[in-house]
Each structure stands twice: as structure tokens, then as C-alpha cells.
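Novice: My structure is below; once you've seen it, I'll send some questions.
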Amino acid sequence: MDAPQADPPVGAAAAPAGSDGAGSDAVDALAGSNAAGAPVGSDAAGDPADPDAAGDPADSDAAGPPANPDAVGDDGVAIRVARSGGIAGMTRRWSVQPSGGETEHWMILVERCPWDEKPPASTGADRYLWRIEVRIRRECHEQVIPEEHLLGPWRALVDAVRQADPGTAPG
Amino acid sequence: MTIHEGRGGPQTSDRRARIRQGIVPSYLLAKLAESERYAQAAEAARQTLIAPAPARHRAQLQLSIDENGTLVATVEAAPNRTISDAHGTENLPGTVVRTEDEPTVADLAVNQAFDGLGATFQMLLDAFQRNSIDGKGLPLDATVHYGSGYDNAFWNGERMVFGDGDGQVFQGFTGSTTVIGHELGHGVIQHTAGLEYQGQPGALNESLADVFGALTEQHLLDQTADQATWLIGAGIFTPAVHGKALRSMLHPGTAYDDPELGKDPQPADMGGYVKTTDDNGGVHLNSGIPNRAFALFAVELGGYAWETAGSVWYRALTGGLPASATFAQFAKATIAEADTVGTSTGDAARAAWASVGVIKASGDGRSAG
């Protein structure tokens, strides 16, 4: 099947990361956590099929460090968004490595988010869960937000990343 | 003429009170409705029985003729459905577009949701004598056309919500009876064991919702366990996707294998149990393990899965299961219920759980995962 289409990217300097599927972008490493997790007893440190990712702590499950220090843009910024859950249980990922003049725009979006506030728990079942990870040089931020609480600055940040990067197919 | 109070629960005074629509008992209304001697009263009774219910509980009158030629009127619980349209927004509930007493509308998704809710309600009533998701006739509310290209259907604790899909990977989520039954199943679970939506109890929650979804479709199509597809979400993918459905209960991990989506990652036994922090601990992945246990159990017993197999699972769910139940705890509960049916049924339950590695082949429960 064809890859899902996305809205036209905005912010030309914010390079979509990992969207070519070649696994060569730096943020591929940042965004390389195991979509389906790791079977019990397997090596959760990386995908054996991806030598670039092997041994990278960020390639273990998303519970690990949110970003690889090397996986950032020219200005040391990387933003990764993952949407898991839903009735299909498929995970999609989007990420950007802003650089140049666009970095300030992305930094404003990031700084508007209340990183220290714990979001309310989800209600019901089959809702999406959004994991948002930001790496600014050696500073990391991570938050997991139920879709019904992805509002205001969180929604603005996620929407911007999704507009800049077509993302991975669900899977 | 014979009057029966039909399904919808045991013949208790409480139940009779639930299905009564007014001060005149429903059985008397039903009898009056058939009267030739009191024509005006009969018409009034008929109008009362079919009138929109001001209360949230409804009853339906079914007439049939038995083998002796006797007219039999059965009054049983009936659904009270309301479908709303979010018109592509994420605002709930949206605008009401069809209620219980209204005919079909031009919008296919609305009718599919309405019919799917009805099919689930009828399965719960026929199989488990359960009157709606709370057992007390709770109205069934759903919203269609949620969001823009929204690739999901969910239960928000009060209503079912269906997206239209992106049109490339997913198409409308109301097109699958198993999906609708799955979402309503979450409502039943919420009103019974209230299984936590995380880790093993979360995966049990997902699995039981799949069981309700599969049983709804099989009941609707009058399929026996060996005739059923045991697929969840067949028809949800667009034709471009290489896949049959979202999940296979009988053969987890085989529902799809697509160049873009990858291969169905569901494990079929405890050897493949997935540890992840995504998706509340992989609740939609590890559900494959208890899913296969149920499908194996039902196929081994044969016949209609909603009868013995479904009843055993339902009684385990509603018989004091803790909200934090693990696979092993649920297996123990289902085996205990199966043993009350008979030795062979108990043995079939033990064999099913052993086959997926949740208990040892000897039948002793063991911690899983």
C-alpha cells in the first residue's frame, strides 16, 4: 500500500526526521524505540535488524532515555512524538530536528508546554496515548498525555511536529 | 393466549419493575393489546407499548405462535439507542441524528452504528440475560464522524465514538460489528470487574472486549464456533492494505502483513509476552494471549460460542474478579466456572490456558509475564 499522506510540511528549516525510511537520519536513533516493545527475554537494547540502533539506550522501550545526545539538529534540538494505543494498538511516530532560524520558533512551542504538570489520567478504553520527547542539547523533557488531555500548548506542539513530518505508517 | 416475561434477567420483582413502562404492568398491556373484545383498550395498549419511552428503560413486545397454535406474547428488555454526529470535529456528543424510534437515515455510518449497538444489546440479552451494558437498561449512546480522518473508535466511559478513518489505511470504524461490540464490551467491563487499563488487567480488558465483539458478530450471523472467523475489525482496513482485520483471536499475529504497516505483532502465547510502556503496557498486543485461550476453548466445546464458552467467561468477569486481575487469576476464575458446567468443560478450559502458557499443562495456575 502507499504510505499515508500528510499535510504539506511547514517550516522548511525544520527537517522531518526519519521520514525517508532509510534509517539514516540522526533522529531515527532518537525515535528508534521499539514500537511493539520487546518480547520478554529478548535484547531490549536495540533492534537486531538495525545495526545503527544496536546498543543505543534510546532504542530500548520508550521508558528509557528520551533522546540520544547525538540525535539532534544543528542547534542541538530534537522533538519526537509517538501516538500509541487506539483500538488497533498501532503506534505512529513523528519527529523534527529544527535548525537555523526555525529553532527559535520550535523552542517557543516547547517552552509553552507545562512539562512539570502531571496530566490527568485517561478515561474509558481504546484512547490514544501521546508521548512527547524533547532534547535540547543535554537537557531532556518527556511527557505522556492521554488524547483527551492533549490541549492548548501540547496540541500546538504535536500538530506542528505532525505538519513538519509525514511520520511513520501505523504499525 | 400465553404471556411470557422474556429475557433481560431473572424473573425477579426488580426485573419486572425495570421493564414496566408505566403504572399498568407490561404483561397486562400485552394482553390488552391482543383483546378483540375491548378494541379501544387494545389500541391504547398497543400505542403505550410502542410509544417512545420517557424513562431510560424500554421493553419490546414479541408475538409468536407456539407448536400448539397458541399466540405467545413475550415482553423483554429493549435497547434505547441515540446516535449523534460530531461532523468531523472532536466535540462530543455532537448533534443527535437518530434515536430509537426513528427510521434509517441517509448516512450509512449512523445506521451501521445504530444496528451494531442493537446487535450487541441483543447478544448480551440472549446470551447472558444482561439488560444493556450496566444490566439495568442503560441507554446506548454513540457518536459518529468524530475528528478529521480519525483512525480510531473508542469508549470514553459514557459513549462509543467512531472515526471515519484516513481513507488510506483505515476506513469507517462503524463498518465492523466486532468493533462496535468491542466498544460496548468495554462498557460492560467498566460496570462489572472494572479491570484496570494497564498491563495484564488492561490486556484482559482488551481481550474481553474482543470476546464481546466476536460473540456479537457470531450471534448476529448465527455462526457456530467452527464457522466463525474469529477476526476483530474485518473490513476496517482499506483494500490497499494487505490484511484481513486488526486482530485474529484464534491465530494472533496473523491478521495482517503489510509492507507499510508491518506484520501483526500480537503474541499467541506467554513466550511472546510484550513488555512496553506504549499503549498502557501493550494492552492491545498482549490481549492476543487470552484471546487465543477463549477461541481455543470455544472451538473445542463446539456449538455457539456465546452459550457455554461465553457464559463461562462472562461469569468469571462478573463473579468478583478483582480490577487488578492477572492472566493467571482470570484463568483460575474461568476454570472454576467451567468446572461447574462439567468435567469435560473444565478440562477444555485448562487445556486452552495451558496452550497459551498461562498455566502449566498439569493445570496448576502459575504467575505469568
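Novice: Kindly provide the set of residues from segment B:294-342 that are part of a loop (DSSP other than H, G, I, E, B) and either at pLDDT below 95 or among the β-branched types (Val, Ile, Thr) (or both), ordered by number.
Specialist: Once the filter is applied, which keeps residues that are part of a loop (DSSP other than H, G, I, E, B) and either at pLDDT below 95 or among the β-branched types (Val, Ile, Thr) (or both), segment B:294-342 yields only B:326.
Novice: Mind checking which residues of segment B:133-150 are aliphatic (A, V, I, L, M) and in contact with a strand residue (DSSP E or B) (Cβ under 8 Å, 6 or more places away or on another chain)? Break it down stepwise before answering.
Specialist: In the first step, residues of segment B:133-150 are kept if they are aliphatic (A, V, I, L, M); the result is B:133, B:138, B:140, B:142, B:144.
Within segment B:133-150, B:133, B:140, B:142, B:144 meet the criteria.
Novice: Can you pull out every residue in segment B:265-288 that is more than 7 Å from chain A (Cβ to nearest Cβ) and within 17 Å of residue B:324 (Cα to Cα)?
Specialist: B:281, B:283, B:286, B:287
Novice: So which residues in segment B:58-114 are touching a Ser or Thr at 6+ places or on another chain (Cβ under 8 Å), among the charged types (D, E, K, R) and either modelled with pLDDT of 95 or more or over 24 Å from residue B:31 (Cα atoms) (or both)?
Specialist: B:81, B:85, B:98, B:100
Novice: Sticking with this one: Does residue B:76 satisfy being of a type in the set (Asp, Glu), surrounded by 20 or more Cβ atoms within 10 Å (Cβ to Cβ) and farther than 24 Å from residue B:206 by Cα?
Specialist: So residue B:76 fits the description; yes.
Novice: If you don't mind, there's one more thing I want to ask. May I ask you to list pairs of residues, at least six apart or on different chains, whose Cβ atoms are under 6 Å apart, with the first in segment B:85-108 being more than 20 Å from residue B:150 (Cβ to Cβ) and the second being of a type in the set (D, E, K, R)?
Specialist: Qualifying pairs under 6 Å: B:100/B:81; B:105/B:98.
Novice: crowded, with 24+ Cβ neighbours inside 10 Å, away from chain A (no Cβ under 14 Å) and over 20 Å from residue B:206 (Cα atoms), is that true of residue B:338?
Specialist: yes
Novice: If we scan segment A:128-138, do we find a residue that is away from chain B (no Cβ under 12 Å), free of Cβ contacts under 8 Å to residues at least 40 places away in the same chain and in a strand (DSSP E or B)?
Specialist: Checking segment A:128-138: not a single residue is away from chain B (no Cβ under 12 Å), free of Cβ contacts under 8 Å to residues at least 40 places away in the same chain and in a strand (DSSP E or B).
Novice: For segment B:56-73, which residues satisfy the criterion of being over 23 Å from the mean Cα position of the chain (by Cα) and either surrounded by 14 or more Cβ atoms within 10 Å (Cβ to Cβ) or of a type in the set (Gly, Ala, Ser) (or both)? Quick ask: steps written out before the conclusion?
Specialist: Residues of segment B:56-73 over 23 Å from the mean Cα position of the chain (by Cα): B:63-73.
The answer is B:64, B:69, B:72, B:73.
Novice: Can you name every residue in segment A:149-171 that is within 12 Å of chain B (Cβ to nearest Cβ), closer than 23 Å to residue A:122 by Cβ and among the hydrophobic types (A, V, I, L, M, F, W, C)?
Specialist: Once the filter is applied, which keeps residues that are within 12 Å of chain B (Cβ to nearest Cβ), closer than 23 Å to residue A:122 by Cβ and among the hydrophobic types (A, V, I, L, M, F, W, C), segment A:149-171 yields A:150, A:151.
Novice: Determine whether segment B:233-242 contains at least one residue that is within 13 Å of chain A (Cβ to nearest Cβ), closer than 25 Å to residue B:350 by Cα and modelled with pLDDT of 95 or more.
Specialist: No, the conditions are met nowhere in segment B:233-242.
Novice: For segment B:162-193, how many residues meet the condition of being touching a Pro at 6+ places or on another chain (Cβ under 9 Å) and under 20 Å from residue B:287 (Cβ atoms)?
Specialist: 2
Novice: Take residue A:98 and tell me if it is at pLDDT below 95 and more than 13 Å from every other protein chain (Cβ to nearest Cβ). Step through it out loud before you land on a result.
Specialist: On the way: at pLDDT below 95: yes; more than 13 Å from every other protein chain (Cβ to nearest Cβ): yes.
Yes, satisfied.
Novice: Across segment B:252-293, what is the total count of residues that are in contact (Cβ under 8 Å) with a residue 24 or more places away in the chain, under 25 Å from residue A:144 (Cβ atoms) and assigned to a helix (DSSP H, G or I)?
Specialist: 9
Novice: Checking residue B:244 against (1) among the basic types (Lys, Arg); (2) surrounded by fewer than 24 Cβ atoms within 10 Å (Cβ to Cβ); (3) within 15 Å of residue A:89 (Cα to Cα), which single condition isn't satisfied?
Specialist: Status for residue B:244: all satisfied but (3).
Novice: Could you tell me which of the residues A:147, A:111 is acidic (Asp, Glu) and under 19 Å from residue B:150 (Cβ atoms)?
Specialist: Just one listed residue meets the conditions, A:147.
Novice: Please specify each residue of segment B:172-198 satisfying the condition of being within 18 Å of residue B:110 (Cα to Cα) and at pLDDT 95 or above.
Specialist: From segment B:172-198, those within 18 Å of residue B:110 (Cα to Cα) are B:172-184; that's our starting set.
Hits for segment B:172-198 are B:173, B:174, B:175, B:176, B:177, B:178, B:179, B:180, B:181, B:182, B:183, B:184.
The values are calculated or read from the model by the stated rules, or taken from the named source; none is laboratory data. Note that this is a predicted model, so its numbers are computed, not measured. All Cβ positions, even for glycine, are placed from backbone atoms using ideal geometry, and neighbour counts span all protein chains on display.
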